[in-house]
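The values are calculated or read from the model by the stated rules, or taken from the named source; none is laboratory data. Remember, it's a predicted structure, so these values are computed and weren't measured experimentally. Note: ideal-geometry Cβ built from the backbone for every residue, glycine included; neighbour counts use all protein chains shown.
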Amino acid sequence: MINAFQRRLTAFLVDYLPRQRGMSANTVTAYRDTFILLLRYMRDEMGIPVENVDFDSLGKETINGFLGWLSASRNSSDRTCNNRLTAIKSFYHYVQSVAPELISQTAGVLSIRDKKVAQVPIPYLTVAAVGYILAAAESAGIRTLAMLSLLYDSGARVQELCDLKVYDLHLERPATVRLTGKGKKTRIVPLTPQVAGILKKYLKDADITEKSAPLLTNNRDETIGRAGVAYILKACVKNAAAVHPGFLPQKVTPHQLRHSKAVHMLENGINLVYIRDFLGHGSVVTTEMYAKASPELKRRALEKAGAEIIKKSRYTPKMKKNLLDWLKENI
């Protein structure tokens with residue numbers, strides 16, 4: 001007989017996450033895998049068969065034991081353990097909303113705190129470094145230039161880029177691209193006239209006229225995948241580094257171009273709220289990480305703070321000389 005835990009978990013994974021929350025298949029899979037590991041831990045380490053697992057056996061002590069097991073037996077990092085805990089807490093929040101009578105059984109788990117994780121610096125490139133990569137892309141051909149120019153200019157996630165159809169582009173002024181991100185949420189972001197021109201040339205040279213056709217394809221005329229974009233970027237980075245040694249890191253990922261676009265926008269005075277919408281973040285809190293990443297922004301903040309603390313002297317050079325002369329004569 002199916003118990004309350006099994007019924008709620010099934011509804012959470014099959015209906016709530018993908019249909020009500022609109023979460024991607026990858027996110028649902030990650031949450032599912034967390035519970036597979038949890039059930040395996042309870043079976044192998046606690047001796048509780050999967051069919052006997054219920055909310056009474058899934059208290060705070062059990063979840064803490066599970067997190068410790070992940071760390072000790074599976075060598076999971078603190079960040080990974082936090083991600084597993086996030087999945088479990090999301091389920092327990094869902095349970096509280098649909099079954100208030102279980103609040104007392106879920107409250108303990110929801111009180112578990114994440115492990116403190118050292119802040120990892122955001123990997124981004126300078127404007128010059130991006131320029132070198134795009135110069136290498138131009139040498140590689142119009143398709144490569146169109147791909148990497150659009151990836152940087154739109155701040156798109158690599159999967160958003162891969163999913164683009166021709167009809168997602170609007171290349172007349174003002175040029176825009178429609179991106180479909182996490183949870184199938186769409187946003188329209190502006191493109192510079194230069195990138196719009198590159199895309200027009202690409203579509204013309206490739207003779208792509210069908211509006212529903214994939215914008216970018218691989219050598220087999222199939223929709224390009226994330227691995228394909230990463231491979232092309234890697235080749236361009238290698239060529240750019242050969243021409244400009246010391247300006248580029250050894251490894252550059254497609255997501256670094258997204259990070260770079262965000263930092264460059266901030267450095268040019270674009271408001272965080274606008275950047276949040278541009279990137280498709282759910283909260284401006286996520287976008288704030290870019291403000292902490294840029295040394296240029298920190299330098300400007302320090303200069304501004306210093307200017308406010310050390311006010312400009314009210315004495316002119318002539319007044320200062322007269323004052324010094326008076327001091328010499330009278331003191």
Pair list, Cβ under 7 Å, 6 or more apart: the stretch 184-200 residue at positive phi and surrounded by fewer than 11 Cβ atoms within 10 Å (Cβ to Cβ), other residue part of a loop (DSSP other than H, G, I, E, B) and among the small types (Gly, Ala, Ser) | Lys184/Gly22
Kindly establish whether Gly131 is exposed (fewer than 13 other Cβ atoms within 10 Å of the Cβ) and either small (Gly, Ala, Ser) or assigned to a helix (DSSP H, G or I) (or both).
-> no
Residues that are more than 21 Å from Ser97 (Cβ to Cβ) and either hydrophobic (A, V, I, L, M, F, W, C) or without any contact (Cβ under 8 Å) to a residue 40 or more places away in the chain (or both), drawn from the stretch 1-29 = Met1, Ala25, Asn26, Thr29
Answer yes or no: is there a residue in the stretch 112-127 that is at pLDDT below 95, assigned to a helix (DSSP H, G or I) and either surrounded by fewer than 17 Cβ atoms within 10 Å (Cβ to Cβ) or in contact with a helix residue (DSSP H, G or I) (Cβ under 8 Å, 6 or more places away or on another chain) (or both).
-> yes
Scanning the stretch 260-274 for residues that are under 16 Å from Ile122 (Cα atoms) and in contact with a Ser or Thr (Cβ under 9 Å, 6 or more places away or on another chain), the one surrounded by the most Cβ atoms within 10 Å (Cβ to Cβ) turns out to be Ala262
Conditions (1) farther than 28 Å from Gly282 by Cα; (2) aromatic (Phe, Trp, Tyr); (3) out of contact with any Ser or Thr (no Cβ under 8 Å at 6 or more places or on another chain); number of the one not met by Phe55 | (3)
Name the single residue, out of those in the stretch 1-12 being of a type outside the set (D, E, K, R) and either closer than 19 Å to Lys185 by Cβ or crowded, with 17+ Cβ neighbours inside 10 Å (or both), that is modelled with the lowest pLDDT.
-> Phe5
Is it true that some residue in the stretch 69-82 is surrounded by 16 or more Cβ atoms within 10 Å (Cβ to Cβ) and either touching an Asp or Glu at 6+ places or on another chain (Cβ under 8 Å) or of a type in the set (Lys, Arg) (or both)?
-> yes
Criterion: surrounded by 14 or more Cβ atoms within 10 Å (Cβ to Cβ) and touching a Leu at 6+ places or on another chain (Cβ under 6 Å) - qualifying residue of Val158, Val166 = Val166
Can you name the number of the only condition in (1) within 29 Å of the chain's Cα centre (by Cα); (2) without any contact (Cβ under 8 Å) to a residue 60 or more places away in the chain; (3) more than 30 Å from Arg258 (Cβ to Cβ) that Val95 fails?
-> (2)
Expected output for the stretch 247-259 (first residue in contact (Cβ under 8 Å) with a residue 40 or more places away in the chain, partner of a type outside the set (D, E, K, R) and surrounded by fewer than 19 Cβ atoms within 10 Å (Cβ to Cβ), Cβ below 6 Å, 6+ apart or cross-chain) is Pro254/Ala230; Gln256/Pro123; His259/Ile122
